[in-house]
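Asker: Quick one: this structure, given as structure tokens, is what I'll be asking you about.
The values are calculated or read from the model by the stated rules, or taken from the named source; none is laboratory data. Please read all numbers here as calculations on a predicted model, not as lab measurements. Here the Cβ is made from the backbone with ideal geometry for all residues, glycine too, and neighbour counts use every protein chain on show.
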Amino acid sequence: MGTHTTRRPRFDLSRILVIDLEATCWSGDPPPGETPEIIEIGNAILHTADLHVEPGPEILVQPIRSSVSEFCTELTTLTPQVLREKGVGFPRALDALLEAHGELKGTVWASYGQYDRTMLTAECERRRIEFPFSDTHLNVKRLVALMGGWARETGMMRAMRRVGVEPTPGSTHHRGADDAVNIARLLAVVLASSRERPSGRSTQPRSRWAGKAV
């Protein structure tokens, strides 16, 4: 009698989904009863074959447990009115992400640091929604520091300057849609550097940006 082996679905390595969240925030402590809440899910696709970056759709989320402070608006440019008019509920925002990029359980995804993963996990648990992403998450903040041989991790904009990646013209830092694209471009440089072939028998990675001063 023959045996049947169930094969797991093939993992898609042709692309990496880059996520960058924006959340409600304040210059000091949150008002009583309020906590940071996702208000934007920035997203972009990095195609791994040619390292082409494809911007994703704008996905704004209406907060229900917190308010958008003046400080938050100054940081992100997002106003309460914009979120009322263009924002959707968090479950619908996840649906929009799936509609744009398809099934994500077999897709590598990335963000700059662990914050985005932590926030998404907590929000899904709070709402008892299935976490739509795979368990393969790349922390670009740590990865770029390791590839560069830096002594410590650094912020996104500083990392881009050190690597020599100019922000996309017209992009706004702390807007999720723009930051997702720029993080994807930063990750593309990391992957390109890892694909370079070292000359001779040197075991040191070739990188035009490794070892730059902090």
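Asker: In this structure, is M156 in contact (Cβ under 8 Å) with a residue 24 or more places away in the chain and under 24 Å from L13 (Cβ atoms)?
Answerer: Against the criterion (in contact (Cβ under 8 Å) with a residue 24 or more places away in the chain and under 24 Å from L13 (Cβ atoms)), M156 does not qualify.
Asker: Could you check T121 against (1) assigned to a loop (DSSP other than H, G, I, E, B); (2) without any contact (Cβ under 8 Å) to a residue 24 or more places away in the chain; (3) touching a Phe, Trp or Tyr at 6+ places or on another chain (Cβ under 7 Å); (4) of a type outside the set (D, E) and say which number it fails?
Answerer: Just one mismatch for T121, condition (1).
Asker: Among the numbered criteria (1) over 26 Å from A184 (Cβ atoms); (2) part of a strand (DSSP E or B), which single criterion is violated by I64?
Answerer: (2)
Asker: What about L83, is it surrounded by 13 or more Cβ atoms within 10 Å (Cβ to Cβ), within 16 Å of the chain's Cα centre (by Cα) and in a helix (DSSP H, G or I)?
Answerer: Values: surrounded by 13 or more Cβ atoms within 10 Å (Cβ to Cβ): yes; within 16 Å of the chain's Cα centre (by Cα): no; in a helix (DSSP H, G or I): yes.
No, not satisfied.
Asker: Still on this model: If the requirement is being hydroxyl-bearing (S, T, Y), under 22 Å from P31 (Cα atoms) and touching a residue at least 40 places away in the same chain (Cβ under 8 Å), which of these qualifies: T73, T77?
Answerer: Values: T73 fails: touching a residue at least 40 places away in the same chain (Cβ under 8 Å).
Answer to the check: T77.
Asker: Can you name the residue in region 1-37 that is farther than 30 Å from C72 by Cβ and among the aliphatic types (A, V, I, L, M) and is also modelled with the lowest pLDDT among such residues? Step through it out loud before you land on a result.
Answerer: Here is the first cut: in region 1-37, the ones farther than 30 Å from C72 by Cβ are 1-15.
Those left that are additionally among the aliphatic types (A, V, I, L, M): 1, 13.
Working: M1: 51, L13: 95.
Ranking the qualifying residues of region 1-37, first place goes to M1.
Asker: Testing A100 on (1) under 17 Å from F133 (Cβ atoms); (2) of a type in the set (A, V, I, L, M); (3) buried (at least 19 other Cβ atoms within 10 Å of the Cβ); (4) free of Cβ contacts under 8 Å to residues at least 60 places away in the same chain, one condition comes back false. Which one is that?
Answerer: Result: A100 fails condition (3) only.
Asker: With the structure loaded, tell me whether V190 is out of contact with any Phe, Trp or Tyr (no Cβ under 9 Å at 6 or more places or on another chain), modelled with pLDDT of 75 or more, part of a helix (DSSP H, G or I) and within 17 Å of E153 (Cβ to Cβ) or whether it fails that test.
Answerer: yes
Asker: State all residues of region 8-36 that are charged (D, E, K, R), surrounded by fewer than 22 Cβ atoms within 10 Å (Cβ to Cβ) and touching a residue at least 24 places away in the same chain (Cβ under 8 Å); if no residue qualifies, say none. Steps first, please.
Answerer: Quick first cut of region 8-36, residues charged (D, E, K, R) only: 8, 10, 12, 15, 20, 22, 29, 34.
Next, from what is left, pick out any that are surrounded by fewer than 22 Cβ atoms within 10 Å (Cβ to Cβ): 8, 10, 12, 15, 29, 34.
Within region 8-36, R10, D12, R15, E34 qualify.
Asker: Tally the residues that are farther than 18 Å from L17 by Cβ, surrounded by 17 or more Cβ atoms within 10 Å (Cβ to Cβ) and of a type in the set (A, V, I, L, M, F, W, C), restricting the search to region 122-164.
Answerer: 6
Asker: Which of the residues that make up region 155-174 are closer than 25 Å to C72 by Cβ and either modelled with pLDDT under 95 or in contact with a helix residue (DSSP H, G or I) (Cβ under 7 Å, 6 or more places away or on another chain) (or both)?
Answerer: M156, A159, M160, P167, T168, S171, T172, H173, H174 - these are the residues of region 155-174 that are closer than 25 Å to C72 by Cβ and either modelled with pLDDT under 95 or in contact with a helix residue (DSSP H, G or I) (Cβ under 7 Å, 6 or more places away or on another chain) (or both).
Asker: Across region 108-121, what is the total count of residues that are buried (at least 18 other Cβ atoms within 10 Å of the Cβ) and of a type in the set (F, W, Y)?
Answerer: Residues in region 108-121 being buried (at least 18 other Cβ atoms within 10 Å of the Cβ) and of a type in the set (F, W, Y): 2 in total.
Asker: Any residue in region 11-34 that is in a loop (DSSP other than H, G, I, E, B), within 15 Å of P132 (Cβ to Cβ) and not polar (S, T, N, Q)? If you could, list the steps in order and put the result at the bottom.
Answerer: Of all residues in region 11-34, those in a loop (DSSP other than H, G, I, E, B) come to 11, 24-34.
Narrowing the set further to residues that are within 15 Å of P132 (Cβ to Cβ) leaves none.
There is no residue in region 11-34 that is in a loop (DSSP other than H, G, I, E, B), within 15 Å of P132 (Cβ to Cβ) and not polar (S, T, N, Q).
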